[in-house]
1. Among the residues of segment 183-201, write down those that are surrounded by fewer than 16 Cβ atoms within 10 Å (Cβ to Cβ) and among the charged types (D, E, K, R).
2. Report, ordered by the first and then the second residue, all pairs with beta carbons closer than 6 Å, sequence separation of six or more or different chains, a first member in segment 191-205 that is closer than 13 Å to Phe154 by Cβ, and a second member that is open to solvent by 50 Å² or more (accessible area, probe 1.4 Å).
3. Test Val30 against the stated conditions and say whether it is surrounded by fewer than 20 Cβ atoms within 10 Å (Cβ to Cβ), aliphatic (A, V, I, L, M) and touching a helix residue (DSSP H, G or I) at 6+ places or on another chain (Cβ under 6 Å).
4. For a quick check of your reading: which strands (runs of 3 or more DSSP E) sit entirely within segment 209-308 and have at least 1 residues that are under 30 Å from Phe328 (Cβ atoms), small (Gly, Ala, Ser) and open to solvent by less than 10 Å² (accessible area, probe 1.4 Å)?
5. If we scan segment 168-179, do we find a residue that is acidic (Asp, Glu), surrounded by fewer than 19 Cβ atoms within 10 Å (Cβ to Cβ), at pLDDT 95 or above and not in a helix (DSSP H, G or I)?
6. Criterion first (over 20 Å from the mean Cα position of the chain (by Cα), on the phi < 0 side of the Ramachandran plot and either polar (S, T, N, Q) or open to solvent by less than 10 Å² (accessible area, probe 1.4 Å) (or both)) does Thr112 satisfy it?
7. Failed condition for His133, given (1) in contact (Cβ under 8 Å) with a residue 24 or more places away in the chain; (2) buried (at least 19 other Cβ atoms within 10 Å of the Cβ); (3) in contact with a helix residue (DSSP H, G or I) (Cβ under 8 Å, 6 or more places away or on another chain), with all others met?
8. Name every residue in segment 115-130 that is surrounded by fewer than 19 Cβ atoms within 10 Å (Cβ to Cβ) and over 18 Å from the mean Cα position of the chain (by Cα), in order of residue number.
Amino acid sequence: MRIVYVGNFRPANSTENHYAQAFENIGVDVERVQESPHVWDTLPEAATIEANECSFMLWTHTHDLTPPSAHDNVWHALRRIKAAGVPTVSVHLDRWVGLKREPQIFEPFFGTDYVLTADGGATSVMEAIGINHHWLPPAVIASQAKRGTPRPEFRSPLAFVGSWQGGYHQEWDHREKLVRHLDRKWGDKIQFWPKRGQDAVRGQDLADLYASVDAVVGDSCLVPPTRLYYSDRMPETIGRGGLLIHPYVEGCTNGETFTLGGDGLSGTCYEAGEDFLPYTPYDFASLDAAIELALSSAGPREFITTNGMRKTMEFHTYEFRASQIVDFITGVLL
(Lines give C-alpha, C1' and ligand atoms only; values in the text may rest on other atoms or scores of the structure.)
Protein backbone atom coordinates (compact mmCIF):
# COMPACT_ATOMS: atom_id res chain seq x y z
CA MET A 1 0.00 0.00 0.00
CA ARG A 2 1.14 3.53 -0.79
CA ILE A 3 -0.28 6.78 0.55
CA VAL A 4 0.39 10.45 -0.05
CA TYR A 5 0.48 12.44 3.19
CA VAL A 6 0.12 16.23 3.14
CA GLY A 7 1.11 18.10 6.30
CA ASN A 8 3.76 20.06 8.16
CA PHE A 9 6.68 17.69 8.63
CA ARG A 10 9.11 20.30 9.95
CA PRO A 11 8.59 19.77 13.71
CA ALA A 12 10.15 16.44 14.70
CA ASN A 13 7.50 15.61 17.31
CA SER A 14 4.27 16.20 15.43
CA THR A 15 1.11 14.41 14.40
CA GLU A 16 2.39 14.25 10.82
CA ASN A 17 5.78 12.74 11.57
CA HIS A 18 4.40 10.27 14.09
CA TYR A 19 1.62 9.12 11.78
CA ALA A 20 4.02 8.85 8.82
CA GLN A 21 6.44 6.78 10.89
CA ALA A 22 3.60 4.60 12.17
CA PHE A 23 2.28 3.88 8.67
CA GLU A 24 5.77 2.91 7.58
CA ASN A 25 6.13 0.71 10.66
CA ILE A 26 3.09 -1.31 9.56
CA GLY A 27 4.38 -1.65 6.00
CA VAL A 28 2.76 1.28 4.19
CA ASP A 29 4.84 3.36 1.77
CA VAL A 30 4.41 7.06 2.65
CA GLU A 31 5.13 9.95 0.32
CA ARG A 32 5.43 13.07 2.47
CA VAL A 33 4.25 16.32 0.88
CA GLN A 34 5.08 19.48 2.83
CA GLU A 35 1.96 21.64 3.13
CA SER A 36 2.29 25.16 1.73
CA PRO A 37 0.03 27.74 0.07
CA HIS A 38 1.14 26.55 -3.38
CA VAL A 39 1.51 22.79 -3.05
CA TRP A 40 -2.12 22.21 -4.02
CA ASP A 41 -1.53 23.64 -7.51
CA THR A 42 0.55 20.61 -8.48
CA LEU A 43 -0.37 18.03 -5.84
CA PRO A 44 -2.34 15.62 -8.07
CA GLU A 45 0.55 15.32 -10.56
CA ALA A 46 3.42 15.55 -8.08
CA ALA A 47 1.92 12.80 -5.94
CA THR A 48 1.07 10.69 -9.03
CA ILE A 49 -2.44 10.45 -7.65
CA GLU A 50 -4.02 10.74 -11.08
CA ALA A 51 -2.14 7.60 -12.15
CA ASN A 52 -3.96 5.68 -9.41
CA GLU A 53 -0.67 4.75 -7.78
CA CYS A 54 -2.00 5.94 -4.41
CA SER A 55 -4.34 4.02 -2.07
CA PHE A 56 -5.52 7.22 -0.38
CA MET A 57 -4.41 10.76 0.37
CA LEU A 58 -4.02 11.73 4.03
CA TRP A 59 -3.99 15.33 5.22
CA THR A 60 -3.17 16.86 8.60
CA HIS A 61 -3.87 20.58 8.48
CA THR A 62 -1.66 23.32 9.91
CA HIS A 63 -3.90 26.35 9.63
CA ASP A 64 -1.35 29.03 8.77
CA LEU A 65 0.09 26.89 5.95
CA THR A 66 -3.17 26.88 4.01
CA PRO A 67 -4.45 30.48 4.15
CA PRO A 68 -7.91 31.47 2.87
CA SER A 69 -6.31 32.83 -0.30
CA ALA A 70 -5.40 29.26 -1.28
CA HIS A 71 -8.77 27.66 -0.53
CA ASP A 72 -9.99 27.72 -4.14
CA ASN A 73 -6.88 25.83 -5.21
CA VAL A 74 -7.38 23.28 -2.45
CA TRP A 75 -11.02 22.66 -3.37
CA HIS A 76 -9.98 22.24 -7.01
CA ALA A 77 -7.22 19.78 -6.08
CA LEU A 78 -9.58 17.74 -3.91
CA ARG A 79 -12.07 17.49 -6.77
CA ARG A 80 -9.35 16.29 -9.15
CA ILE A 81 -8.09 13.73 -6.67
CA LYS A 82 -11.61 12.44 -6.11
CA ALA A 83 -12.20 12.25 -9.86
CA ALA A 84 -9.11 10.07 -10.09
CA GLY A 85 -10.78 7.57 -7.77
CA VAL A 86 -8.46 8.17 -4.82
CA PRO A 87 -10.08 8.58 -1.36
CA THR A 88 -9.09 11.67 0.63
CA VAL A 89 -8.80 11.52 4.41
CA SER A 90 -8.31 14.32 6.95
CA VAL A 91 -6.92 13.45 10.39
CA HIS A 92 -6.40 15.78 13.36
CA LEU A 93 -6.04 15.67 17.16
CA ASP A 94 -7.80 18.97 17.87
CA ARG A 95 -11.42 20.01 18.28
CA TRP A 96 -13.40 22.79 16.63
CA VAL A 97 -17.08 22.52 17.53
CA GLY A 98 -17.93 24.70 20.53
CA LEU A 99 -14.81 26.86 20.13
CA LYS A 100 -14.31 30.24 18.47
CA ARG A 101 -12.66 28.53 15.53
CA GLU A 102 -15.76 26.45 14.76
CA PRO A 103 -16.39 28.38 11.48
CA GLN A 104 -13.24 26.71 10.13
CA ILE A 105 -15.23 23.51 9.66
CA PHE A 106 -16.46 25.05 6.38
CA GLU A 107 -12.88 25.13 5.05
CA PRO A 108 -11.40 22.51 2.65
CA PHE A 109 -9.80 20.42 5.39
CA PHE A 110 -13.31 19.31 6.37
CA GLY A 111 -14.30 18.67 2.76
CA THR A 112 -12.40 15.43 2.23
CA ASP A 113 -14.15 12.09 1.84
CA TYR A 114 -13.49 11.12 5.47
CA VAL A 115 -12.72 13.51 8.34
CA LEU A 116 -11.16 11.86 11.40
CA THR A 117 -10.70 13.91 14.56
CA ALA A 118 -10.30 13.31 18.28
CA ASP A 119 -13.62 15.08 18.96
CA GLY A 120 -16.19 12.30 18.78
CA GLY A 121 -18.87 14.52 20.26
CA ALA A 122 -18.75 16.76 17.17
CA THR A 123 -20.01 14.11 14.76
CA SER A 124 -23.69 15.12 14.81
CA VAL A 125 -22.88 18.80 14.22
CA MET A 126 -20.53 18.00 11.34
CA GLU A 127 -22.84 15.47 9.73
CA ALA A 128 -25.64 18.06 9.76
CA ILE A 129 -23.65 20.20 7.32
CA GLY A 130 -22.48 17.29 5.18
CA ILE A 131 -19.11 16.46 6.76
CA ASN A 132 -18.37 12.72 6.89
CA HIS A 133 -16.86 12.81 10.38
CA HIS A 134 -15.59 9.90 12.48
CA TRP A 135 -14.04 9.76 15.94
CA LEU A 136 -10.39 8.69 16.17
CA PRO A 137 -8.79 9.09 19.62
CA PRO A 138 -5.25 10.50 19.96
CA ALA A 139 -2.24 8.25 20.42
CA VAL A 140 1.50 8.08 21.12
CA ILE A 141 4.18 6.75 18.78
CA ALA A 142 5.22 3.28 19.97
CA SER A 143 8.93 4.14 20.02
CA GLN A 144 8.25 6.75 22.73
CA ALA A 145 5.85 4.64 24.81
CA LYS A 146 8.40 3.59 27.41
CA ARG A 147 9.53 4.59 30.87
CA GLY A 148 12.24 7.19 31.15
CA THR A 149 15.13 7.70 33.58
CA PRO A 150 14.62 9.81 36.72
CA ARG A 151 16.55 13.08 36.64
CA PRO A 152 17.09 15.47 39.59
CA GLU A 153 16.12 18.56 37.59
CA PHE A 154 12.67 17.07 36.98
CA ARG A 155 12.05 15.72 40.49
CA SER A 156 8.88 16.72 42.36
CA PRO A 157 5.93 14.79 43.82
CA LEU A 158 3.54 16.38 41.32
CA ALA A 159 3.81 17.84 37.83
CA PHE A 160 1.53 19.69 35.46
CA VAL A 161 2.63 19.49 31.81
CA GLY A 162 0.99 21.67 29.17
CA SER A 163 -0.23 25.22 28.55
CA TRP A 164 -0.37 26.94 31.94
CA GLN A 165 1.00 30.46 31.37
CA GLY A 166 -2.01 31.85 29.55
CA GLY A 167 -3.00 31.63 25.91
CA TYR A 168 -5.10 28.48 26.29
CA HIS A 169 -8.62 28.25 24.84
CA GLN A 170 -10.60 31.10 26.42
CA GLU A 171 -13.76 28.99 26.25
CA TRP A 172 -12.25 26.58 28.80
CA ASP A 173 -11.56 28.71 31.88
CA HIS A 174 -11.07 25.53 33.90
CA ARG A 175 -7.39 25.51 32.91
CA GLU A 176 -6.67 28.86 34.54
CA LYS A 177 -8.61 27.93 37.69
CA LEU A 178 -6.93 24.52 37.83
CA VAL A 179 -3.43 25.98 37.66
CA ARG A 180 -4.29 28.58 40.31
CA HIS A 181 -5.68 25.89 42.64
CA LEU A 182 -2.69 23.60 42.16
CA ASP A 183 -0.28 26.42 42.88
CA ARG A 184 -2.10 27.49 46.05
CA LYS A 185 -2.87 24.03 47.42
CA TRP A 186 0.17 22.03 46.29
CA GLY A 187 2.72 24.77 45.61
CA ASP A 188 5.57 23.17 47.53
CA LYS A 189 4.99 19.80 45.86
CA ILE A 190 4.20 20.65 42.23
CA GLN A 191 6.24 21.85 39.27
CA PHE A 192 4.71 23.33 36.11
CA TRP A 193 6.20 22.47 32.73
CA PRO A 194 7.47 23.92 30.52
CA LYS A 195 9.20 26.53 32.63
CA ARG A 196 8.77 30.17 31.64
CA GLY A 197 10.70 30.97 28.49
CA GLN A 198 11.39 27.31 27.70
CA ASP A 199 10.12 25.13 24.86
CA ALA A 200 7.63 22.33 25.47
CA VAL A 201 9.07 19.17 27.01
CA ARG A 202 8.98 16.37 24.44
CA GLY A 203 10.51 13.05 23.43
CA GLN A 204 12.96 11.44 25.84
CA ASP A 205 12.91 14.47 28.14
CA LEU A 206 9.17 13.98 28.62
CA ALA A 207 9.65 10.32 29.50
CA ASP A 208 12.38 11.27 31.99
CA LEU A 209 10.14 13.94 33.51
CA TYR A 210 7.34 11.42 34.12
CA ALA A 211 9.85 8.97 35.60
CA SER A 212 10.94 11.69 38.04
CA VAL A 213 7.55 12.49 39.56
CA ASP A 214 4.96 10.53 41.50
CA ALA A 215 1.89 11.79 39.63
CA VAL A 216 0.88 14.11 36.81
CA VAL A 217 -2.21 16.34 36.83
CA GLY A 218 -3.76 16.59 33.39
CA ASP A 219 -6.50 18.56 31.67
CA SER A 220 -8.13 18.71 28.22
CA CYS A 221 -10.27 21.34 26.51
CA LEU A 222 -13.60 19.91 27.70
CA VAL A 223 -15.93 22.75 26.72
CA PRO A 224 -19.41 21.34 27.36
CA PRO A 225 -21.30 19.43 26.25
CA THR A 226 -18.30 17.15 25.92
CA ARG A 227 -18.12 13.44 25.28
CA LEU A 228 -15.74 11.23 23.33
CA TYR A 229 -12.87 13.70 23.54
CA TYR A 230 -9.56 14.08 25.34
CA SER A 231 -6.24 15.52 24.22
CA ASP A 232 -3.11 13.54 23.44
CA ARG A 233 -2.02 14.26 27.02
CA MET A 234 -3.62 10.94 28.01
CA PRO A 235 -1.70 8.53 25.74
CA GLU A 236 1.44 10.70 25.83
CA THR A 237 1.52 10.51 29.65
CA ILE A 238 0.07 7.06 30.34
CA GLY A 239 2.14 5.53 27.53
CA ARG A 240 5.35 6.78 29.18
CA GLY A 241 4.47 5.31 32.55
CA GLY A 242 3.16 8.48 34.15
CA LEU A 243 0.43 8.22 36.77
CA LEU A 244 -2.09 10.57 35.22
CA ILE A 245 -4.86 12.37 37.12
CA HIS A 246 -7.29 13.47 34.42
CA PRO A 247 -10.95 14.51 34.17
CA TYR A 248 -13.49 11.78 33.57
CA VAL A 249 -15.07 12.12 30.11
CA GLU A 250 -18.36 10.57 29.11
CA GLY A 251 -18.08 7.71 26.67
CA CYS A 252 -14.31 7.24 26.51
CA THR A 253 -12.74 6.86 29.97
CA ASN A 254 -14.51 3.81 31.34
CA GLY A 255 -13.00 1.00 29.32
CA GLU A 256 -15.48 1.27 26.43
CA THR A 257 -14.82 -0.48 23.11
CA PHE A 258 -14.32 1.79 20.10
CA THR A 259 -13.96 1.23 16.36
CA LEU A 260 -13.27 3.71 13.60
CA GLY A 261 -16.54 4.25 11.80
CA GLY A 262 -18.34 1.87 14.15
CA ASP A 263 -17.07 -1.26 12.41
CA GLY A 264 -13.65 -2.77 11.95
CA LEU A 265 -10.51 -2.96 14.09
CA SER A 266 -11.60 -2.54 17.73
CA GLY A 267 -9.77 -0.90 20.61
CA THR A 268 -10.46 -0.44 24.31
CA CYS A 269 -10.60 2.99 25.93
CA TYR A 270 -8.69 3.87 29.06
CA GLU A 271 -10.48 2.98 32.28
CA ALA A 272 -10.76 5.29 35.28
CA GLY A 273 -9.20 3.75 38.36
CA GLU A 274 -7.37 1.13 36.30
CA ASP A 275 -5.27 3.16 33.84
CA PHE A 276 -5.52 6.65 35.34
CA LEU A 277 -7.11 8.45 38.31
CA PRO A 278 -10.21 10.54 37.50
CA TYR A 279 -11.52 13.82 38.86
CA THR A 280 -14.44 16.07 38.01
CA PRO A 281 -13.65 19.42 36.32
CA TYR A 282 -14.17 22.43 38.61
CA ASP A 283 -14.56 20.07 41.59
CA PHE A 284 -11.18 20.60 43.18
CA ALA A 285 -12.10 18.55 46.22
CA SER A 286 -12.31 15.52 43.93
CA LEU A 287 -8.98 16.53 42.38
CA ASP A 288 -7.30 16.84 45.78
CA ALA A 289 -8.66 13.43 46.80
CA ALA A 290 -7.18 11.89 43.66
CA ILE A 291 -3.84 13.58 44.35
CA GLU A 292 -3.82 12.35 47.95
CA LEU A 293 -4.46 8.82 46.71
CA ALA A 294 -1.73 9.09 44.08
CA LEU A 295 0.84 10.26 46.62
CA SER A 296 -0.18 7.81 49.34
CA SER A 297 2.05 4.88 48.37
CA ALA A 298 4.02 3.40 45.50
CA GLY A 299 1.84 0.28 45.27
CA PRO A 300 -1.24 1.85 43.64
CA ARG A 301 0.99 3.93 41.39
CA GLU A 302 2.78 0.88 40.01
CA PHE A 303 -0.50 -1.02 39.48
CA ILE A 304 -2.12 1.82 37.53
CA THR A 305 0.91 2.81 35.47
CA THR A 306 1.61 -0.81 34.48
CA ASN A 307 -2.01 -1.29 33.39
CA GLY A 308 -1.97 1.99 31.50
CA MET A 309 1.23 1.24 29.62
CA ARG A 310 -0.05 -2.19 28.61
CA LYS A 311 -3.31 -0.75 27.29
CA THR A 312 -1.46 2.02 25.48
CA MET A 313 0.81 -0.41 23.64
CA GLU A 314 -2.18 -2.52 22.68
CA PHE A 315 -4.72 0.11 21.65
CA HIS A 316 -3.32 3.66 21.79
CA THR A 317 -0.21 3.83 19.62
CA TYR A 318 -0.04 5.61 16.29
CA GLU A 319 0.72 2.22 14.78
CA PHE A 320 -2.66 0.94 15.98
CA ARG A 321 -4.36 4.11 14.69
CA ALA A 322 -2.65 3.69 11.32
CA SER A 323 -3.90 0.10 11.20
CA GLN A 324 -7.40 1.32 12.04
CA ILE A 325 -7.30 3.86 9.20
CA VAL A 326 -6.09 1.28 6.70
CA ASP A 327 -8.72 -1.19 7.90
CA PHE A 328 -11.44 1.47 7.68
CA ILE A 329 -10.54 2.77 4.21
CA THR A 330 -10.07 -0.76 2.88
CA GLY A 331 -13.45 -1.74 4.32
CA VAL A 332 -15.44 1.14 2.83
CA LEU A 333 -13.93 0.49 -0.63
CA LEU A 334 -14.88 -3.19 -0.70
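1. Result: Asp183, Arg184, Lys185, Asp188, Lys195, Arg196, Asp199.
2. Phe192/Trp164; Pro194/Ala200
3. Judged against the criteria, Val30 is a match.
4. 266-268
5. In the first step, residues of segment 168-179 are kept if they are acidic (Asp, Glu); the result is 171, 173, 176.
From the residues that got through so far, the ones that are surrounded by fewer than 19 Cβ atoms within 10 Å (Cβ to Cβ) too are 171, 173, 176.
Going one step further and asking which of them are at pLDDT 95 or above, we end up with none.
Within segment 168-179, not a single residue is acidic (Asp, Glu), surrounded by fewer than 19 Cβ atoms within 10 Å (Cβ to Cβ), at pLDDT 95 or above and not in a helix (DSSP H, G or I).
6. It is false that Thr112 is over 20 Å from the mean Cα position of the chain (by Cα), on the phi < 0 side of the Ramachandran plot and either polar (S, T, N, Q) or open to solvent by less than 10 Å² (accessible area, probe 1.4 Å) (or both).
7. So His133 meets the others, but not (1).
8. Answer for segment 115-130, where residues must be surrounded by fewer than 19 Cβ atoms within 10 Å (Cβ to Cβ) and over 18 Å from the mean Cα position of the chain (by Cα): Ser124, Val125, Glu127, Ala128, Ile129, Gly130.
The values are calculated or read from the model by the stated rules, or taken from the named source; none is laboratory data. The structure presented is a predicted model; accordingly, all values stated were derived computationally and were not measured. Glycine gets a Cβ as well: all are built from the backbone with ideal geometry, and neighbour counts include every protein chain shown. Quick note on the areas: whole protein, heavy atoms, side chains included, nothing else; ligands and nucleic acids left out. Shrake-Rupley method; radii C 1.70, N 1.55, O 1.52, S 1.80 Å.
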